Amino acid sequence: MNTEVRNALNKVPEVTLGFWIIKIFATTLGETGGDAVSMSMQLGYLVGTVIFMAIFVIAVAAQIKAKQFHPFLYWATIIASTTVGTTLADFATRSIGIGYAGGTAILLTLLVSCLFVWYRTLGSVDISTVSSPKSESFYWLTIMLSQTLGTALGDWTADTAGLGYLSAAAIFSGLLLLIVLAHFFTAISRTLLFWSAFVLTRPLGAVVGDFLDKPVVNGGLELSRYSATATLFALIMVCIFVFPQRAAKKAH
């Protein structure tokens with residue numbers, strides 16, 4: 001490992017139960033927040049994507065420029081990635097007309113390709129090695145693609161496959177449980193399990209978010225997107241204070 005990476009501080013959080021709880025709240029907020037801007041405000045998916053992409057790019061630049069791990073900055077960047085993931089996936093699948101299945105396939109290919117290039121370039125996709133501008137750039141691009149993929153996958157499961165929001169949520173929760181069991185009882189790569197769980201928390205958040213704000217006739221609770229987003233944001237803030245926020249240990 002080069003001197004720059006070895007001496008740099010890790011600016012991503014330690015992966016704990018609190019990390020996953022906040023991540024699920026953030027992905028759910030991404031769905032309600034993204035829909036609030038593109039649908040409730042009637043700005044459309046393209047304008048919503050432009051707005052959230054600009055916020056995401058600014059947040060990533062601030063994250064890369066930061067000298068150490070800042071919990072609020074990190075989670076703000078995660079929220080930005082999941083809101084842009086929502087509007088970008090909706091724009092691709094609905095406005096352009098790719099469809100959920102096509103969008104999921106394309107985004108999965110892009111995500112796997114990003115991880116492959118990251119690995120080939122830096123030798124590892126483990127978050128313990130995310131401590132240089134180059135690795136951070138790969139990290140945030142991978143996250144943005146995973147959030148976008150998760151939106152399309154969640155919508156495909158709940159809508160196209162006709163399973164509904166609660167059944168889709170149960171499926172993704174079950175898959176996450178399998179990953180937890182694999183973590184404790186198998187020797188499967190922890191890096192593989194991390195990225196698998198990271199991807200799956202997004203469609204879980206997407207279908208839960210849709211369940212909260214979609215019309216009752218479509219299987220939702222028809223809550224206000226604004227109030228749901230505000231409530232989720234408040235929960236994230238509480239969790240950041242309640243759960244210890246430490247930087248992940250660096251690889252040596």
Could you give the dipole magnitude of the chain about its Cα centre, charging the beta-carbon of Lys and Arg +1 and that of Asp and Glu -1, in debye to the nearest 20?
900
Charge-dipole axis of the chain as Lys and Arg at +1 and Asp and Glu at -1 on Cβ define it, positive-most pick from ALA168, GLY85, LEU192:
LEU192
Based on DSSP H assignment, which helices of the chain show an axial Cα extent of at least 24 Å together with a mean Kyte-Doolittle hydropathy greater than or equal to 0.5?
17-35, 44-65, 71-90, 100-122, 164-185, 190-213, 225-242
Eligible aspartates and glutamates near LYS11 by straight Cα distance, threshold 18 Å, same-chain separation 8 or greater
ASP126, GLU136
Surpassing 31 Å at the alpha-carbon level, of the pairs LYS23/LYS67; LYS134/LYS214; LYS23/LYS65; LYS65/LYS249; LYS23/LYS134, are LYS134/LYS214
To the nearest Å, what is the center-to-center distance of region 212-252 and region 89-159, using C-alpha atoms only?
21
Once you put a point 7 Å from the Cα of MET39 and another 7 Å from the Cα of LEU193, both along the Cβ direction, what distance in nm separates them?
3.5
Need one word for region 82-193: rounded, prolate or oblate. Basis is the Cα gyration tensor (sqrt eigenvalues a ≥ b ≥ c); a/c below 1.5 gives rounded, then a/b vs b/c decides.
oblate
note: region 13-148, Cα-Cα separations exceeding 24 Å make up a percent value of 31
Mind checking which of PRO203, LEU110, THR16 is farthest towards the positive end of the chain's charge dipole, using Cβ charges of +1 (Lys, Arg) and -1 (Asp, Glu) about the Cα centre?
THR16
Would you pull out the residues with amide H under 5 Å of ALA247's amide H, same chain only if 5 or more places away, H placed 1.01 Å from N?
GLU14
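None of the figures in this text is laboratory data; all of them are computed from the coordinates on show. Since we're looking at a predicted model, the values are computed, not measured. With ideal geometry, Cβ positions are generated from the backbone for all residues, glycine too; neighbour counts draw on all protein chains shown.
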